[in-house]
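Peer 1: Structure in structure tokens, see below.
The values are calculated or read from the model by the stated rules, or taken from the named source; none is laboratory data. Since this is a predicted model, take the numbers as computed values, not measurements. Positions of Cβ are generated from backbone atoms using ideal geometry, with glycine treated the same way; all protein chains shown enter the neighbour counts.
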Amino acid sequence: MSRIVKAIVLFSGMCISVLSLADDQQFNIYQIQANSVREIENNVLVITLVARHQSDEAQDASKEVNQDMNWALSQLKDRSALKVSTLNYTTQPVYRNDRIIAWAVSQQLRLESGEIDTLAELSGRLQQKLNISNMQFKVSDDLQKQVSGDLIKDALGSFKDKADLLVKIMGANDYRVVDVSIDEGGQMMPFQKAFRSEMGNSFSAAGPAIEAGESSLSVNLHGSIQLLF
């Protein structure tokens, strides 16, 4: 047999082996899903307030909003536990019969803190000039990372238990993991409330009554295994 013929035969044998291995990998594949969920007490409060004014001239409305916002920011000095950010400065025309009759200017102030009672009381004082537009609770990033690690361990344990059960039921000798993906679903916040701007002055200076509640943290795991016989 010539060298060329031998090479062709050898190459053909290698191809058949590779194809056979690929075919084998398609058999006895089972999909497994596992998840872990935990209820965690919310430990962070986020409040969004808005300064809004309307005037015949845009610059007059803007001046009023800037004054209110500067006043609010002055109330927040020396508060290291408070995250403060200004958002969404907008200037919009007000129409009547297709004519501009005034200008409305607004800006939002977002406050976030783990000192929930303190922030709630502070928001009451800020409502002297600003209105609450949104309030929500959440789990802090540090606590969420800590809990997510535990949830992943629980989900992986459940995945392994299901794989072992499949091995037993199907009479296999063992299994190998083909692939696994982990989806950290994050948190679902049960408390999120929006307030009409007209309601701002109806709150007492002590701030709105609140209850932090709990959030549901979850991890979902999807994967596949191959049973080995």
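Peer 1: Check F159 against each of (1) modelled with pLDDT of 95 or more; (2) in a helix (DSSP H, G or I); (3) surrounded by fewer than 17 Cβ atoms within 10 Å (Cβ to Cβ) and name the one condition it does not meet.
Peer 2: Going through the list (1) modelled with pLDDT of 95 or more; (2) in a helix (DSSP H, G or I); (3) surrounded by fewer than 17 Cβ atoms within 10 Å (Cβ to Cβ), F159 breaks only (3).
Peer 1: Of everything in segment 92-140 that's basic (K, R) and in a strand (DSSP E or B), which residue is nearest to V50 (Cα to Cα)?
Peer 2: R110
Peer 1: What pairs come out if I take residues in segment 134-149 that are over 20 Å from A120 (Cα atoms) and in contact (Cβ under 8 Å) with a residue 40 or more places away in the chain and pair them with residues that are part of a loop (DSSP other than H, G, I, E, B) and not basic (K, R) whose C-beta lies under 7 Å away, six or more apart or interchain?
Peer 2: L143/N43
Peer 1: Of the conditions (1) modelled with pLDDT of 95 or more; (2) under 31 Å from the mean Cα position of the chain (by Cα); (3) of a type in the set (A, V, I, L, M, F, W, C), V94 satisfies every one except a single condition; which number is it?
Peer 2: With (1) modelled with pLDDT of 95 or more; (2) under 31 Å from the mean Cα position of the chain (by Cα); (3) of a type in the set (A, V, I, L, M, F, W, C) applied to V94, the lone miss is (2).
Peer 1: Residues that are surrounded by 20 or more Cβ atoms within 10 Å (Cβ to Cβ) and of a type in the set (V, I, T): does segment 55-75 have at least one? Walk me through how you get there before you give the answer.
Peer 2: Filtering segment 55-75 down to residues surrounded by 20 or more Cβ atoms within 10 Å (Cβ to Cβ) leaves 61, 65, 68-69, 72.
Checking which are of a type in the set (V, I, T) leaves us with 65.
Checked against the condition, which is being surrounded by 20 or more Cβ atoms within 10 Å (Cβ to Cβ) and of a type in the set (V, I, T), segment 55-75 yields at least one hit.
Peer 1: Now for a different question. Suppose we keep only residues that are over 31 Å from the mean Cα position of the chain (by Cα) and in a strand (DSSP E or B) within segment 51-91. Which one would you say is farthest from S123 (Cα to Cα)?
Peer 2: S55
Peer 1: With respect to the numbered conditions (1) modelled with pLDDT under 95; (2) under 22 Å from the mean Cα position of the chain (by Cα), which one is the sole condition not fulfilled by V44?
Peer 2: The number of the failed condition is (1).
Peer 1: What tally of residues in segment 14-41 results from selecting those that are modelled with pLDDT under 75, charged (D, E, K, R) and either loosely packed, with under 10 Cβ neighbours inside 10 Å or in contact with a strand residue (DSSP E or B) (Cβ under 6 Å, 6 or more places away or on another chain) (or both)?
Peer 2: Of the residues in segment 14-41, 1 are modelled with pLDDT under 75, charged (D, E, K, R) and either loosely packed, with under 10 Cβ neighbours inside 10 Å or in contact with a strand residue (DSSP E or B) (Cβ under 6 Å, 6 or more places away or on another chain) (or both).
Peer 1: So which residues in segment 122-153 are more than 26 Å from H222 (Cα to Cα) and exposed (fewer than 15 other Cβ atoms within 10 Å of the Cβ)?
Peer 2: The answer is R125, Q128, S140.
Peer 1: Identify the single condition in (1) over 30 Å from E184 (Cα atoms); (2) surrounded by fewer than 16 Cβ atoms within 10 Å (Cβ to Cβ); (3) out of contact with any strand residue (DSSP E or B) (no Cβ under 6 Å at 6 or more places or on another chain) that V94 does not satisfy, given that it satisfies every other one.
Peer 2: (3)
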